[in-house]
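Each remark here refers to the structure printed beneath this line.
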Amino acid sequence: MIDHSDEDVGNIVLLEHVNVQVPDQAVAMMFYIVGMGFTRDPYLNIGLGNMWANVGEQQFHLPTRPAQAIDGHIGVVVPDLDALKNRLAAVKEGLTGTQFRWSVEADHLAVTCPWGNRFQCYPAGPAFGDMALGIPYVEFLVAPGRAAGIARFYDQVMGAPSAIESDAQGTLGRVQVGRNQSLIFRETEKPVRDYDGHHIAIYVANFSRPYAFLKKRGLVSEDVQNHQFRFKEVVDPDSDRCVFLVEHEVRSLRHPMFRRFLVNRDPAQTQRGYRRERDAFIPYS
Ligand SMILES: [Fe+2]
(Lines give C-alpha, C1' and ligand atoms only; values in the text may rest on other atoms or scores of the structure.)
Protein backbone atom coordinates (compact mmCIF):
# COMPACT_ATOMS: atom_id res chain seq x y z
CA MET A 1 0.00 0.00 0.00
CA ILE A 2 1.31 3.47 -0.84
CA ASP A 3 1.15 5.51 2.36
CA HIS A 4 1.21 8.90 0.58
CA SER A 5 3.34 10.38 3.32
CA ASP A 6 5.03 12.48 0.63
CA GLU A 7 1.86 14.60 0.74
CA ASP A 8 2.44 15.47 4.41
CA VAL A 9 3.77 18.84 5.48
CA GLY A 10 5.48 19.13 8.85
CA ASN A 11 5.08 21.76 11.52
CA ILE A 12 7.60 24.20 10.03
CA VAL A 13 5.58 25.44 7.09
CA LEU A 14 7.93 28.08 5.70
CA LEU A 15 11.55 29.16 5.88
CA GLU A 16 11.04 32.81 5.11
CA HIS A 17 14.24 34.75 5.57
CA VAL A 18 17.93 34.49 6.23
CA ASN A 19 19.36 37.46 8.10
CA VAL A 20 23.04 38.30 7.64
CA GLN A 21 24.52 41.68 8.48
CA VAL A 22 26.37 43.58 5.76
CA PRO A 23 28.77 46.46 6.39
CA ASP A 24 28.09 48.38 3.16
CA GLN A 25 24.70 48.77 1.47
CA ALA A 26 26.12 49.92 -1.86
CA VAL A 27 28.20 46.75 -2.12
CA ALA A 28 25.22 44.65 -0.93
CA MET A 29 23.05 46.26 -3.62
CA MET A 30 25.66 45.48 -6.26
CA PHE A 31 25.82 41.83 -5.19
CA TYR A 32 22.27 40.87 -4.18
CA ILE A 33 20.22 43.06 -6.52
CA VAL A 34 22.40 43.67 -9.60
CA GLY A 35 24.46 40.46 -9.55
CA MET A 36 22.13 37.85 -8.11
CA GLY A 37 19.10 39.50 -9.70
CA PHE A 38 16.98 39.65 -6.55
CA THR A 39 14.49 42.46 -5.89
CA ARG A 40 14.75 45.06 -3.19
CA ASP A 41 11.60 45.05 -1.09
CA PRO A 42 10.02 48.37 -2.13
CA TYR A 43 7.85 48.74 0.96
CA LEU A 44 9.91 47.99 4.07
CA ASN A 45 13.43 48.87 5.20
CA ILE A 46 14.07 51.11 2.22
CA GLY A 47 16.76 53.22 3.91
CA LEU A 48 20.47 52.78 4.47
CA GLY A 49 20.09 50.89 7.76
CA ASN A 50 18.78 47.66 6.28
CA MET A 51 17.75 46.11 2.98
CA TRP A 52 15.34 43.27 2.39
CA ALA A 53 16.09 41.38 -0.82
CA ASN A 54 13.17 39.34 -2.16
CA VAL A 55 13.91 35.93 -3.68
CA GLY A 56 10.58 34.47 -4.72
CA GLU A 57 8.72 33.67 -1.51
CA GLN A 58 11.88 34.11 0.56
CA GLN A 59 14.07 37.04 1.55
CA PHE A 60 17.52 37.98 2.66
CA HIS A 61 17.50 40.53 5.46
CA LEU A 62 20.64 42.62 5.33
CA PRO A 63 21.03 45.07 8.23
CA THR A 64 23.97 47.47 8.10
CA ARG A 65 26.35 46.19 10.78
CA PRO A 66 29.66 44.26 10.85
CA ALA A 67 29.53 41.38 8.37
CA GLN A 68 28.16 37.96 9.26
CA ALA A 69 28.53 34.75 7.28
CA ILE A 70 26.92 31.36 7.63
CA ASP A 71 29.36 28.45 7.93
CA GLY A 72 27.85 26.30 5.20
CA HIS A 73 25.91 27.51 2.21
CA ILE A 74 22.51 28.70 1.05
CA GLY A 75 20.66 26.98 -1.78
CA VAL A 76 19.12 29.30 -4.36
CA VAL A 77 16.84 28.41 -7.27
CA VAL A 78 16.92 30.73 -10.26
CA PRO A 79 14.99 30.53 -13.52
CA ASP A 80 18.06 30.86 -15.77
CA LEU A 81 21.66 30.00 -14.79
CA ASP A 82 23.14 31.53 -17.95
CA ALA A 83 21.48 34.86 -17.22
CA LEU A 84 22.87 34.67 -13.67
CA LYS A 85 26.38 34.03 -15.04
CA ASN A 86 26.11 37.11 -17.23
CA ARG A 87 24.95 39.28 -14.34
CA LEU A 88 27.74 38.03 -12.06
CA ALA A 89 30.33 38.72 -14.78
CA ALA A 90 28.95 42.25 -15.04
CA VAL A 91 29.45 43.03 -11.32
CA LYS A 92 32.92 41.46 -11.05
CA GLU A 93 34.78 44.72 -11.50
CA GLY A 94 32.60 46.60 -9.04
CA LEU A 95 33.21 43.95 -6.39
CA THR A 96 36.98 43.77 -6.82
CA GLY A 97 38.81 43.55 -3.50
CA THR A 98 35.95 41.68 -1.77
CA GLN A 99 35.49 37.94 -1.25
CA PHE A 100 33.12 37.84 -4.26
CA ARG A 101 33.81 34.96 -6.64
CA TRP A 102 31.89 32.36 -8.57
CA SER A 103 32.52 29.15 -10.44
CA VAL A 104 30.60 26.75 -12.65
CA GLU A 105 30.13 23.37 -10.94
CA ALA A 106 28.59 20.15 -12.30
CA ASP A 107 24.96 21.00 -11.57
CA HIS A 108 25.06 24.48 -10.08
CA LEU A 109 26.82 27.82 -9.91
CA ALA A 110 28.86 28.29 -6.72
CA VAL A 111 28.81 31.95 -5.67
CA THR A 112 30.48 33.68 -2.72
CA CYS A 113 29.16 37.06 -1.56
CA PRO A 114 31.52 39.97 -0.83
CA TRP A 115 31.65 38.91 2.85
CA GLY A 116 31.99 35.15 2.48
CA ASN A 117 28.45 33.79 2.44
CA ARG A 118 28.34 30.92 -0.02
CA PHE A 119 25.46 30.13 -2.35
CA GLN A 120 24.78 27.17 -4.60
CA CYS A 121 22.51 28.33 -7.40
CA TYR A 122 20.44 25.72 -9.23
CA PRO A 123 18.12 26.02 -12.18
CA ALA A 124 14.45 25.40 -11.40
CA GLY A 125 13.50 21.76 -11.86
CA PRO A 126 11.58 18.82 -10.43
CA ALA A 127 13.94 18.53 -7.42
CA PHE A 128 12.60 21.89 -6.22
CA GLY A 129 8.89 21.35 -6.85
CA ASP A 130 7.27 24.38 -8.46
CA MET A 131 9.87 26.84 -7.12
CA ALA A 132 11.21 28.91 -10.02
CA LEU A 133 12.95 31.45 -7.78
CA GLY A 134 13.61 31.06 -4.08
CA ILE A 135 15.67 29.67 -1.23
CA PRO A 136 15.00 25.90 -1.13
CA TYR A 137 17.41 25.17 1.73
CA VAL A 138 20.11 26.39 4.07
CA GLU A 139 22.96 23.98 4.80
CA PHE A 140 24.88 24.45 8.05
CA LEU A 141 28.19 22.73 8.75
CA VAL A 142 28.23 20.93 12.10
CA ALA A 143 30.78 19.02 14.15
CA PRO A 144 31.04 15.23 13.69
CA GLY A 145 28.39 13.25 15.57
CA ARG A 146 25.98 16.18 15.89
CA ALA A 147 23.51 15.53 13.06
CA ALA A 148 21.48 12.86 14.86
CA GLY A 149 20.79 15.00 17.94
CA ILE A 150 19.94 17.99 15.75
CA ALA A 151 17.51 15.89 13.70
CA ARG A 152 15.89 14.64 16.92
CA PHE A 153 15.39 18.25 18.03
CA TYR A 154 13.61 19.32 14.86
CA ASP A 155 11.60 16.11 14.69
CA GLN A 156 10.49 15.89 18.31
CA VAL A 157 10.53 19.53 19.47
CA MET A 158 9.74 21.52 16.34
CA GLY A 159 7.49 18.84 14.81
CA ALA A 160 9.32 18.89 11.47
CA PRO A 161 9.97 15.48 9.87
CA SER A 162 13.73 14.96 10.01
CA ALA A 163 16.05 12.17 8.96
CA ILE A 164 19.71 11.25 8.86
CA GLU A 165 21.08 10.70 5.38
CA SER A 166 24.47 10.03 3.91
CA ASP A 167 25.94 10.95 0.57
CA ALA A 168 29.38 11.13 -1.05
CA GLN A 169 30.40 13.92 1.35
CA GLY A 170 29.27 12.11 4.50
CA THR A 171 26.46 12.36 7.05
CA LEU A 172 23.74 14.97 7.13
CA GLY A 173 20.52 15.65 8.96
CA ARG A 174 17.69 16.86 6.75
CA VAL A 175 14.71 18.72 8.19
CA GLN A 176 11.63 19.07 6.02
CA VAL A 177 10.22 22.57 5.76
CA GLY A 178 6.93 23.37 4.04
CA ARG A 179 6.19 22.01 0.59
CA ASN A 180 9.65 22.14 -0.92
CA GLN A 181 12.25 23.49 1.50
CA SER A 182 14.67 22.01 4.01
CA LEU A 183 17.27 22.78 6.64
CA ILE A 184 20.39 20.67 6.26
CA PHE A 185 23.00 20.00 8.94
CA ARG A 186 26.08 18.48 7.37
CA GLU A 187 28.80 16.94 9.50
CA THR A 188 32.33 18.03 8.67
CA GLU A 189 35.76 17.05 9.94
CA LYS A 190 36.95 20.62 9.38
CA PRO A 191 36.78 23.01 12.33
CA VAL A 192 33.37 24.70 12.48
CA ARG A 193 33.48 28.49 12.77
CA ASP A 194 32.08 30.16 15.89
CA TYR A 195 28.46 31.28 15.52
CA ASP A 196 28.40 34.99 14.66
CA GLY A 197 24.76 35.98 15.29
CA HIS A 198 23.06 35.51 11.90
CA HIS A 199 19.49 34.19 11.99
CA ILE A 200 16.76 32.41 10.10
CA ALA A 201 13.01 33.04 10.31
CA ILE A 202 10.53 30.18 10.20
CA TYR A 203 6.75 29.90 10.50
CA VAL A 204 5.25 27.07 12.56
CA ALA A 205 1.66 25.78 12.58
CA ASN A 206 1.88 24.61 16.19
CA PHE A 207 3.60 27.42 18.09
CA SER A 208 2.84 26.57 21.71
CA ARG A 209 4.47 23.12 21.87
CA PRO A 210 8.00 24.13 20.81
CA TYR A 211 7.61 27.29 22.90
CA ALA A 212 6.73 25.25 26.02
CA PHE A 213 9.71 22.89 25.53
CA LEU A 214 12.16 25.77 25.10
CA LYS A 215 10.65 27.97 27.83
CA LYS A 216 10.82 25.15 30.36
CA ARG A 217 14.54 24.82 29.71
CA GLY A 218 15.27 28.55 29.78
CA LEU A 219 16.14 28.56 26.09
CA VAL A 220 13.77 31.28 24.85
CA SER A 221 16.14 34.15 24.07
CA GLU A 222 13.42 36.67 23.18
CA ASP A 223 9.96 36.04 24.59
CA VAL A 224 6.72 36.14 22.63
CA GLN A 225 5.75 39.47 21.13
CA ASN A 226 3.95 40.12 17.86
CA HIS A 227 3.29 36.39 17.35
CA GLN A 228 6.95 35.38 17.48
CA PHE A 229 9.76 34.32 19.80
CA ARG A 230 13.42 33.55 19.34
CA PHE A 231 15.83 30.86 20.45
CA LYS A 232 19.44 30.07 19.61
CA GLU A 233 20.30 26.74 21.16
CA VAL A 234 19.39 23.53 19.38
CA VAL A 235 19.36 20.84 22.07
CA ASP A 236 19.28 17.08 21.72
CA PRO A 237 15.98 16.11 23.43
CA ASP A 238 17.60 12.86 24.62
CA SER A 239 20.17 14.69 26.74
CA ASP A 240 19.22 18.41 26.74
CA ARG A 241 22.78 19.01 25.54
CA CYS A 242 23.31 21.94 23.15
CA VAL A 243 24.31 20.49 19.78
CA PHE A 244 24.14 23.56 17.52
CA LEU A 245 23.78 27.34 17.71
CA VAL A 246 21.78 29.46 15.31
CA GLU A 247 19.13 32.02 16.15
CA HIS A 248 15.64 31.06 15.01
CA GLU A 249 12.96 33.72 14.69
CA VAL A 250 9.89 31.54 15.18
CA ARG A 251 6.60 32.99 13.98
CA SER A 252 3.08 31.66 14.28
CA LEU A 253 0.78 31.62 11.27
CA ARG A 254 -1.03 34.54 12.93
CA HIS A 255 2.00 36.78 12.35
CA PRO A 256 0.84 39.61 10.05
CA MET A 257 3.66 38.90 7.59
CA PHE A 258 2.82 35.23 7.04
CA ARG A 259 2.80 34.68 3.28
CA ARG A 260 3.10 38.40 2.71
CA PHE A 261 3.15 39.09 -1.03
CA LEU A 262 6.73 39.76 -2.05
CA VAL A 263 7.47 41.83 -5.13
CA ASN A 264 9.77 40.07 -7.61
CA ARG A 265 11.04 41.64 -10.81
CA ASP A 266 12.30 39.85 -13.89
CA PRO A 267 16.00 40.80 -14.01
CA ALA A 268 16.05 39.83 -17.70
CA GLN A 269 13.95 42.91 -18.45
CA THR A 270 16.14 45.66 -19.96
CA GLN A 271 15.66 49.15 -21.33
CA ARG A 272 16.85 48.14 -24.80
CA GLY A 273 15.03 44.80 -25.02
CA TYR A 274 11.98 45.98 -23.14
CA ARG A 275 8.92 43.74 -23.19
CA ARG A 276 5.61 45.28 -22.27
CA GLU A 277 3.92 44.00 -19.08
CA ARG A 278 6.87 41.70 -18.28
CA ASP A 279 8.46 43.64 -15.39
CA ALA A 280 7.19 41.26 -12.73
CA PHE A 281 8.48 37.74 -12.25
CA ILE A 282 6.15 34.98 -11.04
CA PRO A 283 8.34 32.73 -8.87
CA TYR A 284 6.59 29.44 -9.70
CA SER A 285 7.31 27.15 -12.63
FE1 LIG B 1 14.51 38.29 11.11
Report the charge-dipole magnitude of the chain in Debye, nearest 20, computed about the Cα centre from +1 at each Lys and Arg Cβ and -1 at each Asp and Glu Cβ. 780 debye
What does the charge dipole of segment 27-168 about its Cα centre add up to, to the nearest 20 debye, if the Cβ of each Lys and Arg holds +1 and the Cβ of each Asp and Glu holds -1? 520 debye
Give the peptides 161-173, 214-226 in descending order of average Cβ contacts within 10 Å, highest first. 161-173, 214-226
Which translational diffusion coefficient, to the nearest whole µm²/s, is obtained for segment 143-223 from the Stokes-Einstein equation, given a Kirkwood hydrodynamic radius over C-alpha pairs, 4 °C and 1.567 mPa s? 92 µm²/s
Ranked output for segments 37-47, 130-140, 102-112 by mean other Cβ atoms within 10 Å, highest leading, reads 130-140, 37-47, 102-112
Could you tally the net charge around Glu93, taking each other residue with its Cβ under 14 Å from the Cβ of Glu93, Lys/Arg +1 and Asp/Glu -1? +3
Sort segment 50-96 into rounded, prolate or oblate with this rule: let a ≥ b ≥ c be the square roots of the eigenvalues of the Cα gyration tensor; rounded if a/c is under 1.5, and if a/c is not under 1.5, prolate when a/b is larger than b/c, oblate otherwise. oblate
Using a Gaussian network model on the chain with a 10 Å cutoff between Cα atoms, which of Arg251, Arg152, Arg275 fluctuates the most? Arg275
How many angstrom separate the Cα center of segment 76-97 from the Cα center of segment 106-177? 23 Å
Compute the signed sum of charges (Lys and Arg +1, Asp and Glu -1) over the other residues within less than 12 Å, Cβ to Cβ, of Ala132. -4
Ranked from highest to lowest mean number of other Cβ atoms within 10 Å per residue, what is the order of the peptides 23-33, 230-240? 23-33, 230-240
Paramagnetic label zone (point 7 Å from Cα along Cα-to-C-beta, Asp130; backbone N under 15 Å) in segment 194-211: none
accessible surface per residue for the chain, probe 1.4 Å, DNA/RNA/ligands not counted, whole Å² -> 49 Å²
For segment 129-264, what is the percent of antiparallel DSSP beta bridges, rounded to the nearest 5? 65 percent
Among Ser239, Ala132, Gly159, whose Cα sits farthest toward the positive end of the charge dipole of the chain (+1 at Cβ of Lys/Arg, -1 at Cβ of Asp/Glu, about the Cα centre)? Ala132
Solvent exposure, largest accessible area first (probe 1.4 Å, DNA, RNA and ligands not counted), of Arg276, Arg193: Arg276, Arg193
At R0 = 41 Å, FRET efficiency that the Cβ-Cβ distance of Arg278 and Glu189 yields, to 0.05: 0.30
Give me the percent of the accessible area of the chain that comes from carbon and sulfur atoms, probe 1.4 Å, all protein chains in place. 50 percent
Taking a ≥ b ≥ c as the square roots of the Cα gyration tensor eigenvalues, with a/c under 1.5 meaning rounded and otherwise prolate when a/b beats b/c or oblate if not, segment 86-135 comes out prolate
If you average the sequence gap of Cα pairs under 8 Å that are 6 or more apart and divide by the length of the chain, what percent do you get for the contact order? 21 percent
Quick one: net charge around Phe31, please, counting Lys, Arg +1 and Asp, Glu -1 for every other residue with C-beta under 14 Å from its C-beta. +3
So what's the angle, to the nearest 10 degrees on a 0 to 90 scale, between helix 81-91 and the longest Cα principal axis of the chain? 70 degrees
For labels at Ala168 and Arg241 in the simple 7 Å Cα→Cβ model, what's the distance in nm? 3.2 nm
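The values are calculated or read from the model by the stated rules, or taken from the named source; none is laboratory data. This structure is a prediction, so every number in the text was calculated from the model and none was measured. All Cβ positions, even for glycine, are placed from backbone atoms using ideal geometry, and neighbour counts span all protein chains on display. The protein model used for the area step is the full one, side chains on, heavy atoms only, and it has no ligands, DNA or RNA in it. Shrake-Rupley method; radii C 1.70, N 1.55, O 1.52, S 1.80 Å.
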